[in-house]
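The structure appears below as structure tokens.
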2 protein chains.
Amino acid sequence: MSARPSMAPLQALVGDDLGRVNEVILRRMDSRVALIPQLAGHIIAAGGKRLRPMLTLAAARLCDYDGVRHIPLAASVEFIHTATLLHDDVVDESDLRRGNATANVLWGNQASVLVGDFLFSRAFQVMVEAGDMEVLRILSDASAVIAEGEVLQLETANNTATTEDAYLEVISAKTAALFAAACRIGAVVAERPVAEETALESFGKNLGIAFQLVDDALDYAAREAELGKTIGDDFREGKVTLPVVLAFRRGSEDERTFWRRCIEAGEQEDGDLDRAVDLIRLHGALDDTVERARHYGAMARDALGLFPDGAVKRALDEVIDFCIERAH
Amino acid sequence: MSARPSMAPLQALVGDDLGRVNEVILRRMDSRVALIPQLAGHIIAAGGKRLRPMLTLAAARLCDYDGVRHIPLAASVEFIHTATLLHDDVVDESDLRRGNATANVLWGNQASVLVGDFLFSRAFQVMVEAGDMEVLRILSDASAVIAEGEVLQLETANNTATTEDAYLEVISAKTAALFAAACRIGAVVAERPVAEETALESFGKNLGIAFQLVDDALDYAAREAELGKTIGDDFREGKVTLPVVLAFRRGSEDERTFWRRCIEAGEQEDGDLDRAVDLIRLHGALDDTVERARHYGAMARDALGLFPDGAVKRALDEVIDFCIERAH
């Protein structure tokens, strides 16, 4: 592919459906309690790529589904995602998301926790209305795994002994589980054979891992204006992501002392982030993090092998490339 | 009734079932992520009255249900309750619950938010396994209403203009909705007519309102050792509960200036809590809060009128009395 990979082909294919999903989201995030749509609207309506609900829509399309039940379910997926974002920002004490002040900064941690709970409940209400028990099973399982992953991330934070395997376990749970569920339910509503359900689940899971790997690389690479997030958040929070795992393992004893001070003791001074970025680049840890992402991207691509070639499959292939190549 | 009303008759009637519920709770709060059972065990296993799951068990018994599906559902109710407690303690910045240090003090706000999310997800997983879509509807609706009530409580906090109606709206949502749902699902599993479902829902709702009214009175009345919670929490947090609503409305302009300083401006000095307690007693606001609770207790009692007399109904009647008379 010569042009820069983008989400545009997928957006073109599922754009009409996504418009309907956005209508459901706007209608169902409403509440007689005014603070709820205000705060939820800030994080939901402000945008984001809507990648996860688009995956549900695309998966249903790939399975030749021609009904409408995927619409509310895609909205549920976005509600679950938004609830976790609100809680993440509280847990991480973040100030910025997509270049905007986070809800916890504008309305406080209390409101962010409670509106997250509301959106999470609302996700299940919408699923119940859709009336598919198998979808409820998949998304309640995913929600529990996501929460486990977030707790596991707390346990690995500030611990430079974290292995690449432990890191993979965290991102498989906190990120890839929802990607996997979002894709799988597209096959469930289309009532396709289990082999197609699991193929789409595998696609989503590996795409999610690749996506998070690149996200974690970008936290040491992105220019703020471009990414709409502050560079160095993970470093300041003492998160042990793959760039750090690799740089720590490949570094000298002197460098490891640096990482331990910054990440474990949490003692950070001016210039430490610059040194961290330099060390990560010196050891090729960013390039190799993206290289690892390519591996999972390749698995995601092969997972779609069961499905016939066509516009949807090509668009999903390009989403894999987009998730990885946005690193450059 | 001459003896002090207690939960003992209800505990005797549903004790075996409650033992099974506790087994489900202990088994399903487990996770490969060790911090989850540690933190969840602290708040769940430490006890509490298990009032809400006991209501599910009693409602099923009142409906002559002789199956086992009420057991996991009662566990789900307790998981939802526990998730809201964990989040409440973060939102309220509480230090003590039932006389023990709160989870947020022991493990931090981050873990409390995330383990709350896990328990909430687990509640839905257990409901999905039970496979009853109507129960899922009732409990997902209740969960959304609870979150709305908690946000509404944030909005009324620090506002001495809060009316008794606005206060009732808060406690109906944040507390009574789960009591109502816990009772209703007892009739649903027993496949009883809708009239019995709604009768039990009405019983639970009014019992829940009475329960919270008394809880809010106790926050200005209880001796710490007896209640296992610190007196004056609501005052310090600037919550506008009914004792404050009544004392504020019945007070002099000088007293209202006091309430505005303490509750709205949040400027509290030594001796302010004592003065607040004195003013609340002076205006009969504690007795009248409990009197209001008796009104809802009477409605709860009448809601059970459809059901034949017997041991279960008598035990539930005594629970109403217990919830109210624990104020003395």
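Among the residues that make up segment B:60-81, is at least one of them over 27 Å from B:GLU201 (Cα atoms), within 14 Å of another protein chain (Cβ to nearest Cβ) and out of contact with any Asp or Glu (no Cβ under 9 Å at 6 or more places or on another chain)?
Checked segment B:60-81: no residue is over 27 Å from B:GLU201 (Cα atoms), within 14 Å of another protein chain (Cβ to nearest Cβ) and out of contact with any Asp or Glu (no Cβ under 9 Å at 6 or more places or on another chain).
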task: Could you please give the count of residues in segment A:299-324 that are under 16 Å from the mean Cα position of the chain (by Cα) and among the acidic types (Asp, Glu)?
output: 1
Qualifying positions in segment B:163-188 - more than 14 Å from the chain's Cα centre (by Cα), of a type in the set (Val, Ile, Thr) and away from chain A (no Cβ under 14 Å): B:THR163
query: Across segment B:104-152, what is the number of residues that are touching a residue at least 60 places away in the same chain (Cβ under 8 Å) and more than 8 Å from chain A (Cβ to nearest Cβ)?
result: 10
- prompt: Is it the case that segment A:41-56 has a residue that's within 14 Å of chain B (Cβ to nearest Cβ), in contact with a helix residue (DSSP H, G or I) (Cβ under 8 Å, 6 or more places away or on another chain) and modelled with pLDDT of 95 or more?
  reply: no
statement: Counted residues in segment A:248-285 being closer than 21 Å to A:GLU164 by Cβ and touching a helix residue (DSSP H, G or I) at 6+ places or on another chain (Cβ under 9 Å) come to 20
- line: Selection from segment B:10-40 of residues within 14 Å of chain A (Cβ to nearest Cβ) and not basic (Lys, Arg) yields B:MET29, B:ASP30, B:SER31, B:VAL33, B:ALA34, B:LEU35, B:ILE36, B:PRO37, B:GLN38, B:LEU39, B:ALA40
- request: State which residue pairs qualify: first residue loosely packed, with under 15 Cβ neighbours inside 10 Å and inside segment A:26-44, second residue assigned to a helix (DSSP H, G or I) in any location, beta carbons under 7 Å apart, and separation of 6 or more residues or different chains.
  value: A:ASP30/A:PRO37
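A quick yes/no check of all residues on (1) buried (at least 18 other Cβ atoms within 10 Å of the Cβ); (2) over 27 Å from A:ASN100 (Cβ atoms):
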| position | (1), (2) |
| --- | --- |
| A:SER252 | no, yes |
| A:GLU264 | no, yes |
| A:ASP270 | no, no |
| A:ASP274 | no, no |
| A:GLY284 | no, yes |
| A:ASP287 | no, yes |
| A:VAL290 | yes, no |
| A:ALA298 | no, yes |
| A:ALA303 | yes, yes |
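Could you check segment B:231-244 and list, in sequence order, the residues that are out of contact with any Ser or Thr (no Cβ under 6 Å at 6 or more places or on another chain), among the β-branched types (Val, Ile, Thr) and crowded, with 21+ Cβ neighbours inside 10 Å?
Within segment B:231-244, the subset out of contact with any Ser or Thr (no Cβ under 6 Å at 6 or more places or on another chain) is B:231-233, B:235-239, B:241, B:244.
From the residues that got through so far, the ones that are among the β-branched types (Val, Ile, Thr) too are B:231, B:241, B:244.
The answer is B:THR241, B:VAL244.
Out of B:GLN125, B:GLN153, report the one residue that is among the polar types (S, T, N, Q) and over 17 Å from the mean Cα position of the chain (by Cα).
On inspection, the qualifying residue turns out to be B:GLN125.
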- line: (1) more than 8 Å from chain A (Cβ to nearest Cβ); (2) out of contact with any strand residue (DSSP E or B) (no Cβ under 7 Å at 6 or more places or on another chain); (3) among the acidic types (Asp, Glu); (4) within 16 Å of B:ILE43 (Cα to Cα) all hold for B:ASP89 apart from (2)
query: Checking B:ASP95 against (1) of a type in the set (D, E, K, R); (2) closer than 23 Å to B:ASP219 by Cβ; (3) within 14 Å of chain A (Cβ to nearest Cβ), which single condition isn't satisfied?
result: (3)
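The values are calculated or read from the model by the stated rules, or taken from the named source; none is laboratory data. It should be emphasised that the depicted structure is a prediction, and the values quoted were computed from it without experimental measurement. Cβ sites come from the backbone with ideal geometry, for glycine too, and all protein chains shown count toward neighbours.
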